[in-house]
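What follows is a single structure, written as C-alpha cells, with notes after it.
The values are calculated or read from the model by the stated rules, or taken from the named source; none is laboratory data. Quantities reported herein were computed from a predicted structural model and do not represent experimental measurements. With ideal geometry, Cβ positions are generated from the backbone for all residues, glycine too; neighbour counts draw on all protein chains shown. Calculation scope for accessible area: heavy atoms of the full protein, side chains included, ligands and nucleic acids excluded. Shrake-Rupley method; radii C 1.70, N 1.55, O 1.52, S 1.80 Å.
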Amino acid sequence: SQLPGWSMRPDGSIVIATGNDDALGLYTCTPYNSYGTAGASRPTRVLLKDPPAFTVRPKEEYFQEVGRELVIPCAAHGDPSPTITWVKVGSAGKSWGSARVDGNSSLVFQPLGKEQHGLWQCVATSTVATVRAVTSVHVLGTSPHAVTNVSVLPLPLAANISWEPGFDGGYFQRFSVWYTPLVKHPPRAHHDWLSLSVPAGAQHLLVENLQPDTSYQFSILAQNKLGSGPFSQIVTSMPRGFPVTTVPPEPPAVTVPVLLSPPRALSANATARGVLLRWEPPARRSTALSGYALELRQDRGAWEVLDRSIPSTKTQVLVPGLIKDAFYEFRLVAFAGSYISDPSNTVNVSTAGMEVYPSRTQLPGLLPQPVLAGVIGGICFLSVAV
C-alpha cells in the first residue's frame, strides 16, 4: 500500500518524501507487461541514518594577536560518525602555515600568522550528507591587508579610483593611489610611479591632469603604523579625451607638504576614578587637527589602540581601569586630514600589588582580555611614572 508522501515515477523508482520508521524494511521491484513478468528483483534494505549535526560550533569571529596561539573548537555527530576537516575559504591548494587540526577536531594556530587571517570552514562529512560552519579569524598587530575590488571610472582627463579596504591589522590604516602611464618600455617598479594620498576615511580618489589617449595603470597601497601592506592588483584604464567645449586643464598645483608634529608633554596622574592623561597639542601643524588616538601596551607587549576617536579639542582623557600587578605604557598620535603624526612621549603606569575589579563596559571590545579588566569602585595605583 502507498503511504502519504510516497510516490512512484514513470521509470518505476519509488520516492519517499520524508524518511521515517515507515520506510524501514526490505523492498523488491517486480517488472511486468502484457506477457507477464520474469519475477521480482533481489531485495534491497532501506535503513535510516542521521546526517551530521554540530555539537560544538565555532564562534562567528575570533580576534587574536599575531604570534599567539588560537584554538577554534568544532565537533559533530551522526550515523555514521562524520569526518571533520577544516578549509580556508579562497585558499585551495595553499599551505596553512602553522595551522593544524588536533585530536578533538579543533583548528589550532601555534603561532598565529598574518596569512591565516580570513574565513575558515569546519566541514563535517559522512555518507549521508555534508554540513559546514564558517568562522572569521582576525589577526591583530600586523601591517594592513591588500585592498580588493579596485575600480577605475574614466573621466575627461581624469579617473575616479575606488576600492574596498582590506583588514587594517588592528591599527589605523591610510591609503595612497599609485599610477603611471602605460608606455612601450618594460613595466616600471612601483617606486617610479606617482602617488597621491587619500583623505582619512575615504575609499575613492579623483586623479586629475591625466594625458588624453594614454593608458594608465593604477594600484592602491594601504599603510598603518607597522608598515605597508601589499599593493593591490593593477588596473589599466584610459581617461577620456578633451570634450569639444573644454579648454586644456591648468598645470597641476604644487603639493605643499603637511607638517604635523607629535602631541607634547603627555603626563599621567592617578585619580579615584582611574588614570588621567593630559597633553598639549602638536607644536607644528600646517592644517587643522582632526583628532587623536590613544595607544596602550601591557608588560612590554604589543601596542593596542585604546581610543581612536578623541576629539581634536580635548587635551585630557580618563582611562577608567587596569588590572593589578601590571605595567602599562601610554602614548598618543595626532591626526590632520589623512596625515598621522609620530607618537608622543610614552608615560608609564604600574599597578603592582593593588586590587582592582573588572569593568568591561569602558574599553573597546577588540582589546585582549587582560587589557579589558577595569575598575567598578575606586582605584589606587602604587606609582605613576612619567
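One line per residue, one yes/no per condition, for (1) out of contact with any Lys or Arg (no Cβ under 6 Å at 6 or more places or on another chain); (2) modelled with pLDDT of 95 or more; (3) open to solvent by 60 Å² or more (accessible area, probe 1.4 Å):
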residue: A75; (1), (2), (3): yes, yes, no
residue: A92; (1), (2), (3): yes, no, yes
residue: A99; (1), (2), (3): yes, no, no
residue: Q121; (1), (2), (3): no, yes, no
residue: A124; (1), (2), (3): yes, yes, no
residue: A129; (1), (2), (3): yes, no, no
residue: G141; (1), (2), (3): yes, no, no
residue: A146; (1), (2), (3): yes, no, no
residue: L157; (1), (2), (3): yes, no, no
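Have a look at T135, T127 and point out the one that is assigned by the TED database to the domain that holds V56 and touching a Leu at 6+ places or on another chain (Cβ under 8 Å).
Numbers: T127 fails: touching a Leu at 6+ places or on another chain (Cβ under 8 Å).
That would be T135, the only listed residue that is assigned by the TED database to the domain that holds V56 and touching a Leu at 6+ places or on another chain (Cβ under 8 Å).
To keep it simple, each residue is scored yes or no on (1) under 24 Å from H77 (Cβ atoms); (2) within 47 Å of the chain's Cα centre (by Cα); (3) in a strand (DSSP E or B); (4) aliphatic (A, V, I, L, M).
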{"position": "G12", "(1), (2), (3), (4)": "no, no, no, no"}
{"position": "G19", "(1), (2), (3), (4)": "yes, yes, no, no"}
{"position": "A38", "(1), (2), (3), (4)": "no, no, no, yes"}
{"position": "R42", "(1), (2), (3), (4)": "no, no, no, no"}
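Is at least one residue of the stretch 276-283 surrounded by 17 or more Cβ atoms within 10 Å (Cβ to Cβ) and either modelled with pLDDT under 85 or under 25 Å from the mean Cα position of the chain (by Cα) (or both)?
No, the stretch 276-283 has no match at all.
Considering the stretch 104-114 alone, what residues qualify as being outside any loop (DSSP other than H, G, I, E, B) and within 13 Å of I84 (Cβ to Cβ)? Don't jump to the end; show me each part of the working.
To start, the set of residues in the stretch 104-114 that are outside any loop (DSSP other than H, G, I, E, B) comprises 107-109, 114.
Matches in the stretch 104-114: L107 only.
Return yes or no: is L318 at pLDDT 80 or above, part of a strand (DSSP E or B) and open to solvent by 40 Å² or more (accessible area, probe 1.4 Å)?
Considered against the rule, which asks whether it is at pLDDT 80 or above, part of a strand (DSSP E or B) and open to solvent by 40 Å² or more (accessible area, probe 1.4 Å), L318 comes out as yes.
Among the residues of the stretch 237-272, which ones are more than 17 Å from S341 (Cα to Cα) and either at pLDDT 75 or above or acidic (D, E) (or both)?
Within the stretch 237-272, S237, M238, P239, R240, E250, S267, A268, N269, A270, T271 meet the criteria.
Any residue at all in the stretch 115-127 that is assigned to a loop (DSSP other than H, G, I, E, B) and closer than 22 Å to Q64 by Cα?
Yes; the residues of the stretch 115-127 include at least one that is assigned to a loop (DSSP other than H, G, I, E, B) and closer than 22 Å to Q64 by Cα.
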